[in-house]
Amino acid sequence: MEKIFWFVAFILWSSGAAAQSPTYQGKTVTLVAAASAGSLYDLYARLAAQFIGKHIPGNPTFVVQNMPGAGSIIGANYIYNVVKPDGLSIGAVQPSIYFNQLQKQAEVKYDWARFGWIGSTDKSDHLLYMRADTPYKSLADVRRAKEPPKCGSTGAGTSGSYMPKLLEELLGTRFTVVAGYQGGGEIDLAVERGELQCRALTIQAYHSREPYHTWRRTGFARILMQTGKTRDPRLADVPTIYELMDEYRTSEAQRRILPLVLAATDFGRPIVAPPGFPADRLTIFREAFMKAMSDPELLAEAKRKNYDISPTGGAELEALAKQVMTQSPEIVERVKSMMSQ
């Protein structure tokens, strides 16, 4: 009887130990970065991937796979439809491609609200830069210009495309948006070659890497506006879009589209999971993500690279995703009209 007792006890202990073994021990997690290598969206995704595994039971290895194109839509479609929802694949997408779904674009094969929202590394308002040697010294010059400046974009749902159109809608400026560039680096090179004159991007990106460090030092570009409600300390002499709307007496009816458009700022640099991602795994990833964002090693690395870290949790992003996808038909139609111009 004693032998039977100890045999049963061993079996029970073994099964309990197996049940408590780390789910991700010996596993590899793929993070699909829907951005070109070296872009700030890619670099933030890699920073997160470097540290999330440290806070997941079993300490899985993370690898990053770049999948740029169509302003992040190719990667988003892949994450949503192709990768298995087995807890081993997640993605990083651009924050504004909900516009493409609202416009019912044929290439969109995802439902923004049905992604599994893990977290976002930071929030950053946007700016519009202009080559300093152009005649466009302010948005007033853009309003008066006979020939609109050319701004570069990777795709219709990115800030390079929607920000110039938003300024047209709210301030009466005119821009020619040239889309189809593979990544932000290619746009900046086109600006340096003189093929383009302007680009909209995040304030954080403009202060985090080349060629912008050199541009700021040499005065190559001028910043014409920023989207925050208050001026960023790094752009203390640059008017906000709210100041400009007051200056140009933008109507309240026109301003009502702003919360939907600038929600992209609140999405920040989101990391998502495919639909059907197991709920318990999503919880693990959300908790690990937020722990990683306060990890002293990650924060030291971010400081060394001059990256801002202002994280948003997955539950908050999930609620925001549902909110932007349930806008009134009137607002959606106005945004669709603005985007299609």
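The values are calculated or read from the model by the stated rules, or taken from the named source; none is laboratory data. Since the model is a prediction, treat every value here as computed from it, not as a measurement. Here Cβ is always computed from backbone atoms with ideal geometry, including for glycine, and neighbour counts include all displayed protein chains. The protein model used for the area step is the full one, side chains on, heavy atoms only, and it has no ligands, DNA or RNA in it. Shrake-Rupley method; radii C 1.70, N 1.55, O 1.52, S 1.80 Å.
Would you mind stating whether residue 319 is open to solvent by 50 Å² or more (accessible area, probe 1.4 Å) and part of a helix (DSSP H, G or I)? Break it down into steps so the answer makes sense when it comes.
Numbers: open to solvent by 50 Å² or more (accessible area, probe 1.4 Å): yes; part of a helix (DSSP H, G or I): yes.
Taking the combined requirement at face value, the residue satisfies it.
Looking only at the range 234-249, count every residue that is of a type in the set (A, V, I, L, M, F, W, C) and either touching a Cys at 6+ places or on another chain (Cβ under 8 Å) or in a loop (DSSP other than H, G, I, E, B) (or both) and tell me the total. I'd like the intermediate steps shown before the answer.
First, pick out the residues of the range 234-249 that are of a type in the set (A, V, I, L, M, F, W, C): 235-236, 238, 241, 244-245.
From what's left, either touching a Cys at 6+ places or on another chain (Cβ under 8 Å) or in a loop (DSSP other than H, G, I, E, B) (or both): 236, 238.
Within the range 234-249, residues that are of a type in the set (A, V, I, L, M, F, W, C) and either touching a Cys at 6+ places or on another chain (Cβ under 8 Å) or in a loop (DSSP other than H, G, I, E, B) (or both) number 2.
One line per residue, one yes/no per condition, for (1) among the aliphatic types (A, V, I, L, M); (2) at pLDDT 95 or above; (3) closer than 24 Å to residue 309 by Cβ; (4) under 16 Å from the mean Cα position of the chain (by Cα):
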site	(1), (2), (3), (4)
9	yes, no, no, no
33	yes, yes, yes, yes
55	no, yes, yes, no
90	yes, yes, yes, yes
105	no, no, no, no
Which ones in the range 323-341 are under 17 Å from residue 112 (Cα atoms) and surrounded by 13 or more Cβ atoms within 10 Å (Cβ to Cβ)?
323, 324, 325, 327, 332, 335, 336
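Can you tell me which residue within the range 145-166, out of those that are in a helix (DSSP H, G or I) and either of a type outside the set (Phe, Trp, Tyr) or in contact with a Lys or Arg (Cβ under 8 Å, 6 or more places away or on another chain) (or both), is farthest from residue 194 (Cα to Cα)? Working first, answer last.
Quick first cut of the range 145-166, residues in a helix (DSSP H, G or I) only: 159-166.
Filter once more, so that each one left must be either of a type outside the set (Phe, Trp, Tyr) or in contact with a Lys or Arg (Cβ under 8 Å, 6 or more places away or on another chain) (or both): 159-161, 163-166.
Values: 159: 21, 160: 17, 161: 19, 163: 21, 164: 18, 165: 21, 166: 24 Å.
If we take residues in the range 145-166 being in a helix (DSSP H, G or I) and either of a type outside the set (Phe, Trp, Tyr) or in contact with a Lys or Arg (Cβ under 8 Å, 6 or more places away or on another chain) (or both), then 166 is farthest from residue 194 (Cα to Cα).
Within the range 287-304, take every residue that is open to solvent by less than 70 Å² (accessible area, probe 1.4 Å) and of a type outside the set (Asp, Glu) and give me the one that is farthest from residue 208 (Cα to Cα). Please lay out each step first, then the result.
Keep residues of the range 287-304 that are open to solvent by less than 70 Å² (accessible area, probe 1.4 Å), which gives 288-289, 292-293, 295, 298, 300-302.
Filter again for of a type outside the set (Asp, Glu), leaving 288-289, 292-293, 298, 300, 302.
Details: 288: 25, 289: 22, 292: 21, 293: 18, 298: 16, 300: 15, 302: 10 Å.
Within the range 287-304, the match that is farthest from residue 208 (Cα to Cα) is 288.
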So is residue 192 open to solvent by 20 Å² or more (accessible area, probe 1.4 Å), under 30 Å from residue 101 (Cα atoms) and either in contact (Cβ under 8 Å) with a residue 60 or more places away in the chain or of a type in the set (Asp, Glu) (or both) or not?
no
Which of (1) crowded, with 16+ Cβ neighbours inside 10 Å; (2) at pLDDT below 95 is the odd one out, the single condition residue 255 does not satisfy?
(1)
Cβ-Cβ below 9 Å, separation at least six or inter-chain, first residue in the range 33-52 and closer than 16 Å to residue 301 by Cα, second of a type in the set (Lys, Arg) and surrounded by fewer than 20 Cβ atoms within 10 Å (Cβ to Cβ): which pairs?
40/209; 43/209; 43/305; 47/305; 51/291; 52/291
Of (1) touching a helix residue (DSSP H, G or I) at 6+ places or on another chain (Cβ under 8 Å); (2) without any contact (Cβ under 8 Å) to a residue 60 or more places away in the chain; (3) within 30 Å of residue 134 (Cα to Cα); (4) surrounded by 18 or more Cβ atoms within 10 Å (Cβ to Cβ), residue 240 satisfies all except one. Which?
(1)
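Inside the range 51-144, counting only strands (runs of 3 or more DSSP E) that do not spill past its ends, which hold 2 or more residues that are within 29 Å of residue 233 (Cα to Cα) and open to solvent by less than 50 Å² (accessible area, probe 1.4 Å)? Even if it seems obvious, please write down each step before you answer.
On the way: elements: 61-66, 89-92, 116-120, 126-131.
Hits in the range 51-144: 116-120, 126-131.
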Please go through the range 250-286 and give me each residue that is free of Cβ contacts under 8 Å to residues at least 12 places away in the same chain and either part of a loop (DSSP other than H, G, I, E, B) or touching a Cys at 6+ places or on another chain (Cβ under 8 Å) (or both), ordered by number.
251
Residue tally, condition over 23 Å from residue 87 (Cβ atoms) and either open to solvent by 50 Å² or more (accessible area, probe 1.4 Å) or at pLDDT 50 or above (or both), over the range 11-31
3
Scanning the range 165-189 for residues that are open to solvent by 40 Å² or more (accessible area, probe 1.4 Å) and among the hydrophobic types (A, V, I, L, M, F, W, C), the one farthest from residue 340 (Cα to Cα) turns out to be 189
